[in-house]
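These notes are about the structure you will find just below.
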Amino acid sequence: MEEIIRDFTKILQKRLGAELNFIQVVLGPRQVGKTTGVQQVVRKWGGPSLMVTADEIAAPGPDWITVQWQRARNLGENALFIIDEVQKIPGWSSRVKYLFDQDRKQGGLKIVLLGSASLTLQQGLAESLAGRYEIIPAHHWNLSECEKACGWQLDDFLMFGGYPAAAELVGEIERWQSFLRNAIVEPVLIKDILGMTTVGKPALFRQTFELSMAYPAQEVSYQKLLGQLQESGNVTTIKHYLELLEGAFLLKTLQKYSGSTMRKKGSSPKILPLNTALIHAFRNPSAVESDADWRGRVFEAAVGAALARTEGDLYYWRDGKFEVDFILQLEGKLFAVEVKSGRRLVSRGMEKFLSEYPESIPLFITYENAENLLRANKITVEDLLKLI
């Protein structure tokens, strides 16, 4: 497999070489190469380094951070100190703030934090470390990276998503699915969520995730989700569970676009898996080749996941029987995006939306023009305008 240097790795290396000294926070899902990427930076680092992880330790306290920090200080000048999964340590943010402020005045250590539980980590950053850090997102692998590493084309990407660690198992589907569930999904659910958050009904939480993967890029009411779950719950519980899953980078819930914030928050969500492999952890990926409707759903989900990597706000739109797949607000522009798996590029929903929001820019994404979008590390307005 060709060594891939991911975009976040290049950004991290550049920032660490700058004179400005901020904590660099590499934030993203499990199994996308965060540790590998940082190790690539370490190999090119001009000075000493220390990398430690809180992921495998039994409930360490803040004093553990102090001990490791002092080890890094003892390495001498131009030392690089990396802490993986720091958010698993209670009170971590206050201790990091205290130690970083001590070193910052003296132009000391370069600090990198890695995390895969977005909600927990970002809460600590906001509470104690304001003005001291920069976030570098490490997204799921895109089509270009999967092609370089695994030789995958578009249909392979739709079936097997962006977890290169599982690529060598795709010839045995049941084994590949078992790896996904046990080595990728379970650690996220158990370590990143259930291990750090109070969840009243773990079985219902797991069912919520599995069921949400059955509706890729579909608008689903909370009541419909509740009706298909085996355990009893309520809408508030399901909303909370989806928020936790979103915070762990497994999915994104899109709200309906409208001029009213109240209506956006109150709408049924559109569930967007952020990696198509997660969809097929519970359903045979060969359906992409045998079922045209399913292929269209998965394709729409892949396009939506790519759009979700922008720095804009992503929604969907519906007005009665009229709908538009995605609405993207990016850099002051409003894009209306229809994903078409067939040849027909006519959309009554698009016509209706344009009549209500004439300033919006219509885009039709098809199998033929989607590849550049799915290959991009970061989609820009210029990339989208090329699709017109």
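The values are calculated or read from the model by the stated rules, or taken from the named source; none is laboratory data. Being a predicted model, the structure only gives us computed values, none of them experimental. Every residue, glycine as well, gets a Cβ built from its backbone with ideal geometry; the counts of neighbours run over all protein chains shown. For accessibility, only protein heavy atoms count, side chains too; no ligands or nucleic acids. Shrake-Rupley method; radii C 1.70, N 1.55, O 1.52, S 1.80 Å.
Some notes on this structure:
Here is a yes/no grid of residues against (1) acidic (D, E); (2) touching a helix residue (DSSP H, G or I) at 6+ places or on another chain (Cβ under 8 Å):
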residue	(1), (2)
G115	no, yes
E134	yes, yes
L154	no, yes
F157	no, yes
Y163	no, yes
E172	yes, no
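- Any chance Q13 is part of a strand (DSSP E or B), open to solvent by less than 80 Å² (accessible area, probe 1.4 Å) and at pLDDT 95 or above: no
- First in region 28-40 and outside any loop (DSSP other than H, G, I, E, B), second anywhere and among the aromatic types (F, W, Y) and open to solvent by less than 20 Å² (accessible area, probe 1.4 Å), Cβ under 7 Å, 6 or more apart: G37/F8
- Among the conditions (1) closer than 23 Å to Y98 by Cα; (2) open to solvent by less than 70 Å² (accessible area, probe 1.4 Å); (3) of a type in the set (D, E, K, R), the only one that R30 does not satisfy is (1).
- When residues in region 144-170 are screened for being open to solvent by 40 Å² or more (accessible area, probe 1.4 Å) and part of a helix (DSSP H, G or I), 6 of them pass.
- For region 184-191, the count of residues that are crowded, with 21+ Cβ neighbours inside 10 Å and assigned to a loop (DSSP other than H, G, I, E, B) is zero.
- For T380: the one exception among (1) more than 20 Å from the chain's Cα centre (by Cα); (2) surrounded by 12 or more Cβ atoms within 10 Å (Cβ to Cβ); (3) of a type in the set (S, T, Y): (1)
- When residues of region 287-303 are limited to those that are of a type in the set (D, E, K, R) and open to solvent by 60 Å² or more (accessible area, probe 1.4 Å), the one farthest from G161 (Cα to Cα): D293
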